[in-house]
Ligand SMILES: *Cc1c(COP(=O)(O)O)cnc(C)c1O
């Protein structure tokens with residue numbers, strides 16, 4: 001009776017057997033994940049202790065939020081955990097995009113140039129940069145304020161064009177990179193690579209700021225971009241660092257003077273970080289940070305397990321099960337519209353919320369092809385919770401991420417495999 005828990009679900013012997021093999025094959029990767037989890041958990045706990053977090057910090061303020069000790073201490077705790085001089089952690093950032101754009105407007109001024117080193121940034125940023133189909137609509141993009149945007153295309157391998165960086169960063173104010181692959185099949189950018197890029201950028205242009213979109217990257221390795229030369233980084237609290245408990249929000253972390261500038265953009269020039277009430281959200285953000293390394297480990301095990309199972313079943317998976325990881329995203333190439341739909345239906349069946357919903361592809365605004373999404377989350381849209389989605393086009397790949405707990409993540413992946421098997425596709 002090795003799998004009592006899964007006896008609650010209609011899983012065939014074949015899927016159970018494939019799963020057992022996939023899990024056994026992943027044991028070395030799991031051991032590495034556990035080791036990183038322990039290091040990061042201790043790092044978080046040490047920061048709580050160093051800043052003497054107490055019950056009073058968990059309470060909230062209203063109105064202007066002057067003197068909110070919980071807020072100010074959480075900033076300091078986050079900064080220590082991320083190895084940054086300073087941080088702004090706010091439930092009032094509506095998403096990662098909001099935190100990223102606040103940081104860009106915080107440090108860029110008219111006449112400046114921003115250069116993306118990692119190709120085209122994440123879709124939700126295009127309008128803010130002044131590129132894509134909303135360009136020229138006077139929405140208040142960087143471009144509308146006279147800030148130029150340039151891009152270094154990725155190499156055919158999907159990696160950054162390191163040789164081109166020294167020349168390209170001349171005269172640039174912000175050199176920007178996105179750690180996670182987003183909705184592409186390129187490899188994500190490891191901390192070692194970010195360290196190498198930081199050196200290249202600073203040697204060629206000591207004035208340039210290295211700004212990193214750290215979404216999906218927190219706690220996957222034992223160091224963060226701000227510890228290896230990034231001047232600023234940003235992320236979402238309904239992804240890794242919110243631990244599935246923060247209900248909304250984002251963060252900006254990095255050099256003290258730059259974080260200060262971002263604070264003036266976040267509220268109003270002159271007001272900065274002195275205002276901003278936390279309502280009742282402090283406790284969720286502290287508790288989420290406390291849980292985050294463990295939840296990220298669960299999401300990573302879920303991703304490795306999916307790579308192991310679907311890889312063994314003959315599907316193309318990236319990263320490979322034993323590949324070094326720097327974010328929580330797993331891509332599984334399902335090869336057909338039926339396969340992608342069946343995969344997403346299975347993931348949905350394993351969700352604690354809305355398990356009975358059947359996802360279908362729909363024409364999402366801004367996308368060329370219909371997109372199918374599976375998500376059944378406690379926090380709306382939280383992708384640290386198990387979720388999967390993909391556009392209905394070749395090669396019919398699903399981008400899967402999250403899993404609050406390893407047993408629930410594993411079950412979701414098993415149900416996805418079963419769903420494909422039921423259609424004769426696995
Ligand atoms: C999630 C994400 C963002 C921000 O998206 P939001 O939905 O606004 O939080 C930006 N970049 C990457 C790579 C992401 O994964």
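List of remarks:
For every residue, the table says whether it meets (1) touching a residue at least 24 places away in the same chain (Cβ under 8 Å); (2) surrounded by fewer than 19 Cβ atoms within 10 Å (Cβ to Cβ); (3) not in a helix (DSSP H, G or I).
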{"position": "37", "(1), (2), (3)": "yes, no, no"}
{"position": "45", "(1), (2), (3)": "yes, yes, no"}
{"position": "52", "(1), (2), (3)": "no, yes, yes"}
{"position": "57", "(1), (2), (3)": "yes, no, no"}
{"position": "66", "(1), (2), (3)": "yes, yes, yes"}
{"position": "74", "(1), (2), (3)": "yes, no, no"}
{"position": "78", "(1), (2), (3)": "yes, no, no"}
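- Only one of 254, 244, 250 that is under 21 Å from residue 298 (Cβ atoms) and buried (at least 24 other Cβ atoms within 10 Å of the Cβ): 244
- Every listed requirement among (1) within 21 Å of the chain's Cα centre (by Cα); (2) assigned to a helix (DSSP H, G or I) is met by residue 339 save one, (1).
- If the condition is being free of Cβ contacts under 8 Å to residues at least 60 places away in the same chain and within 15 Å of the ligand (Cβ to nearest atom), then the stretch 238-250 contributes no residue at all.
- Which numbered condition residue 117 fails, given (1) more than 17 Å from the chain's Cα centre (by Cα); (2) within 16 Å of the ligand (Cβ to nearest atom); (3) within 23 Å of residue 277 (Cα to Cα): (3)
- Only one entry of 87, 103, 99 meets the criterion of being assigned to a helix (DSSP H, G or I), in contact with a strand residue (DSSP E or B) (Cβ under 6 Å, 6 or more places away or on another chain), in contact (Cβ under 8 Å) with a residue 12 or more places away in the chain and more than 9 Å from the ligand (Cβ to nearest atom), and that entry is 103.
- If you go through the stretch 211-232 and keep only what is farther than 16 Å from residue 243 by Cα and within 16 Å of the ligand (Cβ to nearest atom), you end up with 211, 212, 213, 224, 225, 230, 232.
- Criterion: closer than 30 Å to residue 27 by Cβ and either more than 19 Å from the chain's Cα centre (by Cα) or touching a residue at least 24 places away in the same chain (Cβ under 8 Å) (or both) - qualifying residue of 297, 253: 297
- Filter pass, residue 346 being surrounded by 22 or more Cβ atoms within 10 Å (Cβ to Cβ), over 30 Å from residue 31 (Cβ atoms) and in contact with a helix residue (DSSP H, G or I) (Cβ under 9 Å, 6 or more places away or on another chain): no
- Taking the numbered list (1) more than 16 Å from the ligand (Cβ to nearest atom); (2) in contact (Cβ under 8 Å) with a residue 24 or more places away in the chain; (3) surrounded by fewer than 18 Cβ atoms within 10 Å (Cβ to Cβ) in turn, residue 123 passes all entries but (1).
- Where residue 22 falls short, out of the listed (1) in contact with a helix residue (DSSP H, G or I) (Cβ under 7 Å, 6 or more places away or on another chain); (2) surrounded by fewer than 19 Cβ atoms within 10 Å (Cβ to Cβ): (2)
- Scanning the stretch 202-231 for residues that are over 16 Å from the mean Cα position of the chain (by Cα) and buried (at least 24 other Cβ atoms within 10 Å of the Cβ) gives 210, 230, 231.
- Given (1) more than 30 Å from residue 40 (Cα to Cα); (2) surrounded by fewer than 23 Cβ atoms within 10 Å (Cβ to Cβ), number of the condition residue 340 does not satisfy: (2)
- When residues of the stretch 364-383 are limited to those that are in contact with a strand residue (DSSP E or B) (Cβ under 9 Å, 6 or more places away or on another chain) and more than 16 Å from the ligand (Cβ to nearest atom), the one nearest to residue 94 (Cα to Cα): 376
- Residues of the stretch 372-426 that turn out to be surrounded by 24 or more Cβ atoms within 10 Å (Cβ to Cβ) and either assigned to a loop (DSSP other than H, G, I, E, B) or free of Cβ contacts under 8 Å to residues at least 24 places away in the same chain (or both), as a count: 6
- Any hit, the stretch 187-206, residues being assigned to a loop (DSSP other than H, G, I, E, B), over 28 Å from residue 34 (Cβ atoms) and out of contact with any helix residue (DSSP H, G or I) (no Cβ under 7 Å at 6 or more places or on another chain): yes
- Matching residues, the stretch 251-275, being within 15 Å of residue 74 (Cβ to Cβ), more than 16 Å from the ligand (Cβ to nearest atom) and touching a helix residue (DSSP H, G or I) at 6+ places or on another chain (Cβ under 7 Å): 263, 273
- Residue in the stretch 150-169 that is farther than 26 Å from residue 260 by Cα, in contact with a strand residue (DSSP E or B) (Cβ under 7 Å, 6 or more places away or on another chain), part of a loop (DSSP other than H, G, I, E, B) and modelled with pLDDT of 95 or more present: yes
The values are calculated or read from the model by the stated rules, or taken from the named source; none is laboratory data. The structure displayed is predicted, hence computed values, not measured ones. With ideal geometry, Cβ positions are generated from the backbone for all residues, glycine too; neighbour counts draw on all protein chains shown.
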